[in-house]
Amino acid sequence: MAVEIKERGHVRLPAFLERGFSDLRREVVARRRCSMCGTCAAFCDKIGIEDGEPRFIEDYDTVCGLCYTVCPRTFLPRAEIEQKIFGKVSNDDDVLGVYRACYEARTKKADVGERGQDGGVVTSILAYALATEAIDCAVLTTANGDWRPRTEVARDYEALKEGAGTKYTLYPSVIGVREAQEEGCSAIAFVGLPCQIQGLRKAETANANQPYELRIDGVKLLIGLFCTKNYNEELLDFVNEQVPLERVKKFDIKGKELLVYDNDGGVVSISLNDLEVFVGDGCSVCTDFTAELADISVGSVGSAEGWSTVITRTERGDELVRGASESGYIEVKDIKAKGLELIKRQAVKKRKRVEETEL
Ligand SMILES: Cc1cc2nc3c(=O)[nH]c(=O)nc-3n(C[C@H](O)[C@H](O)[C@H](O)COP(=O)(O)OP(=O)(O)OC[C@H]3O[C@@H](n4cnc5c(N)ncnc54)[C@H](O)[C@@H]3O)c2cc1C
């Protein structure tokens, strides 16, 4: 079937994709599917994130189509993206998506180990990539002393370390990719959640000729984080009533508890059931546990305490993990069969959760 192509605003869209921001608002935001990834705002300077959702901040072309095209929640041509990025397509039984290898790994840098969430592997791979000039910056989600997240365009080792650690808070971090580009970076790494990786891959594969303001070809590395669900900022207000946020050293989720470690060595445990009310709307429709479209995916499930699970998916991802290991940034060993089984179980659980919600 021949597809009619029309020129609209920034993009050339097949006629059947002629949709604009009002469609995105209706189909995604109003239906509470928005993941607050920030991809729409990163690609269009007329869109901003206000009160936890994307809004127009300027007059607009109603059917420009750019935001609708890159949003991970409007549609996700997974097979097409996999074919373009990985050269093959996963089937329903490949619950971890397309991948090359799966490891347990941890940093060999003591100062990263102190700050890293699990094995400090994300920070260490980025440090190796910066040192070897594979990238010239990394877009991170960092936090101030009060744990409110913000994006940081990290260009050196100290800034990478500042960004280490998990913030269990939704934040439109993809916007940071645009900031990096505006600061003149041309080999950008991005670390983010599965939804954010999906948005960037959609942009990368949608149509090579699209004259985006944000030059997606400057994004050289996508590190995805495993994710079961994420929480809105009200979570922080809730925690603050029990432990003042400026005294919190680290958050961690273990089993069915959120653990809040304070600077004095104390730990407060909060049941995840009590936090369900803060879970982001868009998480309810997400089926991607391991950030299946990333170059490298990293999480904690499947590895021992103090180690991270690392899945490499592209040649670039493989090379960086191998290089970081050979250059003494990380130590790496094959994942145990039991660990791999655990990851797969979590991935299936997330997919089933959505199937059950949609019944
Ligand atoms: C919301 C959330 C939910 C998660 N859920 C799971 C889970 O269910 N199971 C599991 O195994 N792992 C989960 N992870 C991943 C895990 O917490 C660690 O991030 C991962 O193991 C990497 O650890 P590390 O020590 O190698 O990373 P580090 O070296 O500490 O680096 C962490 C990186 O994560 C980035 N980051 C932190 N918070 C955010 C955020 N909110 N959005 C985008 N980027 C962020 C930072 O910029 C930093 O680059 C989750 C992470 C997040 C952010």
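Worth pointing out:
- Longest segment of the chain lacking trypsin sites (Lys or Arg not before Pro) that sit in a DSSP loop with at most 11 other Cβ atoms within 10 Å: 89-255
- Exposed loop sites, defined as GluC sites (Glu not before Pro) outside DSSP H, G, I, E and B with at most 16 other Cβ atoms within 10 Å, are absent from the longest region of the chain, namely 59-132.
- Rounded percent of accessible protein surface that carbon and sulfur make up, the chain, 1.4 Å probe: 46
- Efficiency of FRET between residue 334 and residue 259 - r from beta-carbon atoms, R0 30 angstrom, step 0.05: 0.55
- Surface/4 estimate of mean projected area, convex hull on alpha-carbon atoms of region 38-142, nm²: 10.3
- In this calculation the C-beta distance from residue 356 to residue 75 is compared with R0 = 25 Å, giving a FRET efficiency of 0.70.
- Full-stretch length increase - residue 89, residue 342 - with 0.36 nm per residue and alpha-carbon distance subtracted: 88.8 nm
- Computed over protein heavy atoms with a 1.4 Å probe, the accessible surface of region 263-315 works out to 35 Å² per residue.
- Relative contact order, percent, the chain [alpha-carbon distance under 8 Å, six or more residues apart]: 21
- Think of a 1.4 Å ball rolled over the protein heavy atoms: region 28-187 then has 43 Å² of accessible area per residue.
- Dipole in debye (nearest 20) - the chain, about Cα centre, beta carbon charges: Lys, Arg +1; Asp, Glu -1: 940
- In the chain, the calculated helix contribution to ellipticity at 222 nm averages -9000 deg cm²/dmol per residue, counting -39,500 (n - 2.57) for every DSSP H run with n ≥ 4.
- Listed pairs 109/256; 108/350; 108/338; 202/350 exceeding 28 Å between Cα atoms: 109/256; 108/350
The values are calculated or read from the model by the stated rules, or taken from the named source; none is laboratory data. Note that the coordinates shown come from a computational prediction; the quantities given were computed from them, not determined experimentally. Cβ: placed from backbone, ideal geometry, glycine included. Neighbour counts: every protein chain shown. All accessible areas refer to the heavy atoms of the entire protein, side chains included, with ligands and DNA or RNA removed. Shrake-Rupley method; radii C 1.70, N 1.55, O 1.52, S 1.80 Å.
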